[in-house]
1. Might you report the magnitude of the Cβ-based charge dipole of the stretch 91-187 about its Cα centre, with Lys and Arg at +1 and Asp and Glu at -1, to the nearest 20 debye?
2. Quick one: with all protein chains in place, what share of the accessible area of the stretch 388-471 is carbon or sulfur, to the nearest percent (1.4 Å probe)?
3. Under a 1.4 angstrom probe, counting protein chains only, how are Phe493, Phe452, Phe366 ranked by accessible area, largest first?
4. Show the residues, 5+ positions off or on another chain, whose built amide H is closer than 5 Å to the amide H of Phe59.
5. Among Val113, Ile155, Ile133, which residue has its Cα positioned farthest towards the positive end of the charge dipole of the stretch 111-221, with +1 placed on the Cβ of Lys and Arg, -1 on the Cβ of Asp and Glu, and the dipole taken about the Cα centre?
6. Where only protein heavy atoms count, and the probe is 1.4 Å, what is the accessible area per residue for the stretch 109-222 in Å²?
7. With θ set to phi - 60°, apply the Karplus curve 6.51 cos²θ - 1.76 cosθ + 1.60 along the stretch 450-459 and write out the HN-Hα couplings as whole Hz, x wherever there is a Gly or Pro.
8. How many percent of the accessible area of the stretch 195-243 is carbon or sulfur, using a 1.4 Å probe?
Amino acid sequence: MEGDQLLLNPTSGHQYSPRNARSTSTESNSSPDETEPCRGGGQALTFDQVLTRIGVGRFHLPTIAVLGLGNAADAVEIMSIGYALTAYPHITSFERGFLTAAIFAGMLVGGLVLGTLADRIGRKPALLLSLGINGAAALLSAFSPHVSVLIGLRIVAGIGVGGSVPCVFTLAAEVTPPHHRGALLNAVAWMWMAGSLFAAGTAWYVIEHLGLSWRVYLAIASAPATICLVLTSIVVPESPRWLYKRGRLDAAIAVLRTMARKNRVDASWLEEALPAPVSAFPIIGSDDGAEAARLSINGIVSAAAETKDERPHRPLKASSAPDASLVSSNAAVKGIPYREAFRALFEPNLRRTTALLMGVWFTLSFASYGLLVWIPTLFKDADFHIDPYQNAILVAAANLPGNIVSWLLIDRLGRRKLLTGGTLMACGCAIGFALANRAWIVVLSACAFNMFGIMGWNSLDCLSTESFPTQIRSVGMGVMAASGRVGSMVAQFVNSALIDSSTATILFVSASSMLIGSACAAMLPFEPADAALADDLDEVDEDAAPHPHPLRSDQEAA
C-alpha cells in the first residue's frame, strides 16, 4: 500500500539493538508492497488517509472557530496594553518599555514550558492551562495598585498566551486532512484580526468615548480568554493523532468516530483501518525508558516501517522496530524528555529549518509588534492631527484583505513564497510610513504594513506547524514562538529608547528587520503545502523534495 505506516507491529521478529538498528531496518523494508496489519486483519490506512476519508464538515466548524477564538484572545492580550498606555497616568519611557515588553517575556517562558508540556500531557490540557493562566492574570491586571505589580501580572498573562499559541495551531493541524490544512489553519490565523479589532474598538469606546479608566478596559479585555477556556473544555477534543502516537488507540478511535459522526460519515471502517499502535515512547517505570527515548529521537527507535519510496511526506531515513519489551499499546507512556526534545530540533536533518524559522519568527515579531503595539503612540505623537483610536481600528481592519489574499494563495503559491513576498512588501510599507508627509499616507502605509504583515504571519503559522514531526511538534512551535517573543521584547526596549527622539528611525529599523526575515524565509528548505504531516524525526529530510500526498495525487489523476 502506498503511504506511511505510523506504527509498527512488535511481532515483526527484528530484535532491537543500537548497533544493528540501521541494518535490520533495511531488511524489514525489503518488500515495499507489504502493508501493516490492522486490528481487524486487513490493510491499514495512514492517519492522514483516515482524516481524508472523514473529510471536513460540521465537526471542524465549531472546533476551528473555538481554536480561532484562542488566537483572537492572544491578540487582545498583546494589543490591549498599547491602548491602556495612552490612558495610564504618570509613566516614564523606561517604565513604558518594561510594561510593553512584559507580556513578551511571559510568552517566552510560556512557549518553552507550556508548549513543550503539550507534547507530554496532551494538546487540550496544555491549552486549557494556558487559557486559565491568561484569563486570570489579565483580569487581575485591572486591579494593579502600582506599575510594578502591573508588569508582573502582564508577565504571568504572557505565560498563558505563549503556551496557547503552539497548542492552538498544533491541534488545528492534527484534526485536519492534508489538502484542507492550509485553509483551516488560515481560518485560525484569521481570528487574530477579530482580536485586534476587538482590542482597538473596545479601547475607542471605553477609553475615548466613555472616558472610563484603563482598568475597566483591561478587565473587559480579559473576557475572550475566559470565554475560550469554557468553550474549549466543551467543544474541542484531544488531538486523535497525539492519542494514537501515545498508543491510546481506543481513545483515538473514539475521537475519530465523533468527528465522522458530526461530519455525517460512516465510521464502521475505523477499527479495520488503523493498525494496533505500538508506542515509540518509553513506558513509565521502564529501566530502559530514558535510553529508549534518546534513541527514538535520534531515529534509531522508530515507529515507521517504510522504504524511501513509500513516504508521501518526505523521503524516509531507514530505521527499525523497537524491541517489544520497551513498548506497549496499553501501558501509560510519557513523552520524550525535555532536553532530548529540544536537542531533536537541531538534529542534522532538521536544524537548518529550525534555525531559519527562528530567524523569521524573531525578525517578524520584532518588526510587527515593534510597530503594532506602538501604533496608538506613534499616531498620537505624529505631527498630523490623527485620532489614535479610530485609525488604529483602520490598521486592525487592514488584516481583512491580507487574510483574504493569504487564504486564496497559501495552497496555490505555497507557504514559503507567500511568507517571503509578504514580509518584503511589509518592509516597503514601513519605509513609506517613515517618509510620509501627509496624514493619509501615514495611515495608508500603516494599514498596508499590517495587511502584508498578516500575510506573512498566516504563512509562518502554517509553515511552522507543518515543519516539525508529531513527536516534537508542540516543542518546535514553542521554541519558534519563544524566538518571536525575544524579538518582541527587544523591539519594545529599542522603540522606547527611540520614541522620544525619532519616530522615523523606529520605522527604518522595523523595515530592516522585515528584510532580514524575508531573506530567511526564502532560504527555507521545505515547502509543506499539501504534504502529509511527519510523525517521527527520522521521517524528515531537509535536502529532499516532498512527494505529493497519495490521495491528492489519485484525485488529480482521476
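1. On the way: 6 positive and 3 negative charges, 20 e Å.
The calculated dipole for the stretch 91-187 is roughly 100 debye.
2. On the way: 2100 of 2930 Å².
Ligands and nucleic acids excluded, carbon and sulfur reach 72 percent.
3. On the way: Phe493 85, Phe452 40, Phe366 20 Å².
Putting Phe493, Phe452, Phe366 in descending order of accessible area: Phe493, Phe452, Phe366.
4. Asn263
5. Val113
6. Numbers: 3400 Å² over 114 residues.
Result: 30 Å² per residue.
7. Once rounded to whole Hz, the list reads 5, 4, 6, x, 5, 4, x, 5, 4, 5.
8. Values: 1380 of 1890 Å².
Whole-percent figure for carbon plus sulfur exposure: 73.
The values are calculated or read from the model by the stated rules, or taken from the named source; none is laboratory data. Computed from a predicted model, the values in this text were never measured in an experiment. Note: ideal-geometry Cβ built from the backbone for every residue, glycine included; neighbour counts use all protein chains shown. The area values use the complete protein model at the heavy-atom level, side chains included, leaving out ligands, DNA and RNA. Shrake-Rupley method; radii C 1.70, N 1.55, O 1.52, S 1.80 Å.
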